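Below: the structure, in structure tokens.
The values are calculated or read from the model by the stated rules, or taken from the named source; none is laboratory data. None of these values were measured; they are calculated from a predicted model. Using ideal geometry, Cβ is built from the backbone for each residue, glycine included, and neighbour counts are taken over all protein chains shown.
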Amino acid sequence: MLQHIIGSAVGAAVAWLVLVLTNANSSPQYVTAVAIGAIASMLWPIVIGFFLARRVKQRRQDQIQQEVDKQINAQK
């Protein structure tokens with residue numbers, strides 16, 4: 001449910017931004033803005049997931065590096 005609400009908000013915001021940037025005053029420009037907004041609302045979970053996955057991977061790498069450093073210091 002929350003994903004649909006966020007997707008709708010993202011799509012609406014992108015459509016509004018395209019309308020403002022293009023100074024839309026004809027029907028084809030409105031259709032273009034709505035189409036871009038719809039695409040953005042469908043793709044936002046993929047984009048957010050990509051960034052979250054990178055963040056998790058970096059945290060995991062940091063934990064591994066800390067463990068390696070701890071073991072190296074223990075050997076000295």
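Laid out as a table, the results:
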quantity	calculated
Selection from the stretch 15-53 of residues that are of a type in the set (Phe, Trp, Tyr) and under 17 Å from Ile5 (Cα atoms)	Trp16, Trp44
Residue within the stretch 23-46 that is among the aromatic types (Phe, Trp, Tyr) and within 18 Å of the chain's Cα centre (by Cα) present	yes
Output for the stretch 23-42, where each listed residue is out of contact with any Phe, Trp or Tyr (no Cβ under 7 Å at 6 or more places or on another chain) and surrounded by 14 or more Cβ atoms within 10 Å (Cβ to Cβ)	Gln29, Tyr30, Thr32, Ala33, Val34, Ile36, Gly37, Ala38, Ala40, Ser41
Set Val31, Val47, Val20: member being out of contact with any Cys (no Cβ under 6 Å at 6 or more places or on another chain), at pLDDT 85 or above and assigned to a helix (DSSP H, G or I)	Val47
Those residues of the stretch 40-68 which are touching a residue at least 12 places away in the same chain (Cβ under 8 Å) and of a type in the set (A, V, I, L, M, F, W, C), in sequence order	Ala40, Met42, Trp44
